[in-house]
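All of the numbers you see were taken from the coordinates with simple rules; none came from a lab. As the structure is a computational prediction, the values presented were derived from the model and not from experiment. When we count neighbours, we look across all protein chains shown, and the Cβ atoms used for this are built from the backbone with ideal geometry, even at glycine.
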Amino acid sequence: MNKDQLTGIILSGGKSSRMGEEKGLVDFRGKPLISYAIDVLKPLADPIVIGANHNLETYKKLGHHIVTDEIKGVGPIGGLLSTLRYSSSEKNFVISCDMPFLNADLLNYLHQYMHEYDAVVATHDDDKIEPLCGIYSKKNIPEIETAIKKGQFKLLDLFNKVRFKAINIDASLPFYSDQLFYNINRPEDIKL
């Protein structure tokens, strides 16, 4: 895979209401949580873009371009729209800032399915879909715009309108870990 063909997008623009502070900047094992997402994407994508709406000066210090939501208050779909519009790549890795155990092998595995679809995301544990662990094409932008105009903000609803594939990730895969999709939302989650 030629890393110049893909942009890495990290969505970190949420309210962080359950965390009580900016989630992507929370310290996890000695470094900001978003650093784990950056580390995963570095060997796979160039450039890396961070979708953020708060603490922008702190995020800028990480050395990557920051994109704020053009349409505020609609959740991850708003961050996805703004970052896909900004991206100069047709295909884009999209991950959330709050899953520190994702790995490059997982993203490479998803990428091999991308030639047939416009959105490919991971699923696990009896079809639990991870919409913020996948690859999205810029071809999705019109459908994302339409969904937002209609007040349909769930990414799972978007998948019914685009060429979409959920790829099951389980223990049969060599890169699998039971912590792979561990999500940090609350202060107690940091103690893992």
| task | Please find, in a Gaussian network model of the chain (springs between Cα atoms separated by less than 10 Å), the residue of Gly30, Gly78, Gly151 whose mean-square fluctuation is greatest. | result | Gly30
| task | May I ask you to compute the full-extension gain from Glu116 to Asp178, defined as 0.36 nm times their residue separation minus their alpha-carbon distance, rounded to one decimal in nm? | result | 19.5 nm
| said: I'd like the Karplus ³J(HN,Hα) series for the stretch 138-154: coefficients 6.51, -1.76, 1.60, θ = phi - 60°, whole numbers in Hz, and an x wherever there's a Gly or Pro. | reply: 5, 4, 6, 3, x, 5, 5, 4, 4, 4, 5, 4, 8, x, 9, 9, 7
| query | Counting alpha carbon pairs within less than 8 Å and at least 6 residues apart, what relative contact order, in whole percent, applies to the chain? | reply | 24
| In the stretch 78-151, trypsin sites (Lys or Arg not before Pro) in a DSSP loop with at most 11 other beta-carbon atoms within 10 Å | Lys150
| field | Cα-Cα over 26 Å, subset of Lys31/Lys72; Lys42/Lys138; Lys42/Lys150 | value | Lys31/Lys72; Lys42/Lys150
| Mind checking the dipole of the chain: about its Cα centre, +1 per Lys or Arg Cβ, -1 per Asp or Glu Cβ, Debye to the nearest 20? | 500
| query | Say the dipole of the stretch 3-191 comes from +1 at the beta carbon of Lys and Arg and -1 at that of Asp and Glu; which of Gly73, Ser177, Ile9 then lies farthest toward its positive end? | reply | Gly73
| field | Amide H contacts of Val49 (H built 1.01 Å from N, under 5 Å, at least 5 apart or other chain) | value | Gly8, Ile9, Ile10
| How far is it, in nm, from the label point at Asp126 to the one at Arg29 when both lie 7 Å from their Cα along the line to the Cβ? | 2.8
| Part-to-part distance (alpha-carbon centres) for the stretch 26-70 and the stretch 79-138, which is given in Å | 16
